[in-house]
Structures are given as C-alpha cells and as structure tokens.
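Heads up: the structure comes next, in structure tokens.
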Amino acid sequence: MAIPLYVSGTQVMQANQQVVVELLERDVRDGTASVYVLVNAHSSKLRRESPEYARLLADTERCVNLPDGASVTYAARLLGYGDIGRCPGPDLMEAVCAKAADQGTPIFLLGGAEDVAPALGQSLQSRHDGLIVAGTATPPFGEWSPDESRRLVDAVRASGARILFMGVSAPKQEIWAYEHLDELKMPIVCVGAAFDFGTGRKARAPEWMRKAGIEWVHRLLSEPGRMWRRYLVGNTLFIWDVIRYGRRPAPLPDRRT
C-alpha cells in the first residue's frame, strides 16, 4: 500500500501526465466519477478561506489531488519524497484530449469568458484530429443560482460527454464539481486558466520558464494588479504550511464553519 504523500498539509498524488491520462481512461471505462484537482501554492490560501474546499481536498476517495505548481514539486523534494511528477493544467488538458481523440471519448468544456469555450473546442479539435467536443457552456461570473446549476448539469448529461473540463476560478470550480459529482457521474478535470491559454487569449510563459519552474513569474508580470496578492500571500502561507505540517495532514475545519 502506498504511503500517503502530504505537501503543505494536503495529500497529493505522485503522478505525471501519462499516469493521469491512464487513470482518466480507466475512470471513463469503469464509469468512476472523480474530481481532478490541481494543487499549487495558492491552494494553501484557498483552504483557509473555504471550508468546503478544505474538505474536498481531504476526500481522496472522490478527489484526485495532482501536483500542479512547481512549488509543490520542490517542496516534496525538500520533504524527502523525491520527484513526484507534475501536471500543469494546460499540458494535462492537451494530453487528455489527445487520448480522448484516439479513443473516441467525448468531452465537454464548461467555463471561461463569453465565446472562450466554443473557441477552445475548435482549437483543441484542430490540434487533436478526431476529438469529439460534445458540448460547451459559458456560465455567468459570480455565484450560480440553483436553476443555473441545474441547467449546466442537464446540459452536460444530455451531451453524451464522458469527461468534463472546467475552466472556472478556484475554488469555485472544484466545489461545484464536488457537489454535483453524483449527478454527473463522470471524471471532472478542473483546469482553470487553461481555457484562456488553450485559445491564446492569454499568453503562456516561454517553455524555458516552465522548465525552470518559474512560470508564476510570467503570470505575475503579465497581470500584476490581479496576481500580486495571490503570489505574495499564497506563497507565504504555502511555505509556512510546508514547515509546520511537514509530512502530516492539515486539520480539517470545524463542520459548523
């Protein structure tokens, strides 16, 4: 039995893209419903702000927590886990779509600003011949009403998709996916900003920055007004959690909060 791997108090799966692609293929084949969560330094801040997010991260029966940010992989090495792999959202989405195209597995794209999801579908199909985009949806920003959530669930189910990609901000996408997992009955991959990168709406960092693990610097310089707090506060909290939790899980919030 594998030893649980904890980074900054969150259990993370040791996996690279190929491992995740194979795991998703198995989920589709077996009809297993899971939420695939990309864990990075910002997750430490989100876990403090959202008890719902903290609890779903701890539910490793229904959620697959993947190492997204380079900070997670570096911290894992410092904690003695060695190389745990890495699954950045944009790269993972491309790898999964390549396999889905090969296997004839329909996908659904939910999220992004107006017209982003349809544009992403066309872009993915141009890169992965045979990919079936069963449907797209661009829900409004802000909180989704119960009626809106019902409309989205019905649209995904009626489309015949077998994998759902969500390109909504965290933790909104993860919480929504977790709450509706039993209705959707499929693997849900939460990739956030990968929708914008996949359409070229936002420029991704050069490959050398990605390989060096400093993609976050590019995002900070590209959107300083929006991203400075995320990296300044989020990275500080992440480092503190790595130190204080070591290889242990963070305590769950009181269910009354």
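Bear in mind these aren't lab numbers, they're just calculated from the coordinates by the rules spelled out. On a predicted model such as this, the values are computed, not experimentally measured, just so you know. Glycine also receives a Cβ, built like all others from the backbone with ideal geometry; neighbour counts cover every protein chain displayed.
Structural remarks
- Label-point separation, ASP129 to ILE243 (7 Å along Cα→Cβ), nm: 5.5 nm
- The distance between label points at GLU114 and GLU183 comes to 2.6 nm (points 7 Å beyond Cα on the Cα→Cβ vector).
- For LYS202, the lysines whose Cα falls under 20 Å of its own Cα, not counting residues fewer than eight places away in the same chain, are LYS211.
- For the range 64-79, 3J(HN,Hα) computed residue by residue from phi via the Karplus equation (6.51, -1.76, 1.60; θ = phi - 60°) reads 10, 8, 9, x, 9, x, 4, 4, 5, 5, 5, 5, 4, 5, 4, 7 Hz, glycine and proline entered as x.
- Normalised by the number of residues in the chain, the mean separation of alpha-carbon contacts (under 8 Å, six or more apart) gives a relative contact order of 29 percent.
- Charge dipole (Cα centre; +1 on Lys/Arg Cβ, -1 on Asp/Glu Cβ; no other charges) of the range 7-194 amounts to roughly 320 debye.
- Every helix of 4 or more DSSP H residues in the chain counts as -39500 (n - 2.57), and over all residues that averages to -15500 deg cm²/dmol at 222 nm.
- Average 1/r across all pairs of distinct alpha carbons in the chain, invert it, and you get the Kirkwood radius: 18.5 Å.
- Among beta bridges that DSSP assigns inside the chain, antiparallel share in %, nearest 5: 10 percent
- Cross-link reach list, lysines versus LYS172, counting only Cα pairs under 20 Å and skipping chain neighbours closer than eight places: LYS45, LYS185
- Listed values for the range 107-115 are Karplus-derived 3J(HN,Hα) couplings in whole Hz (6.51 cos²θ - 1.76 cosθ + 1.60, θ = phi - 60°), namely 10, 10, 10, 10, x, x, 6, 4, 6, and x replaces Gly and Pro.
- Long-range Cα-Cα pairs in the range 70-166 (distance over 20 Å), rounded percent: 48 percent
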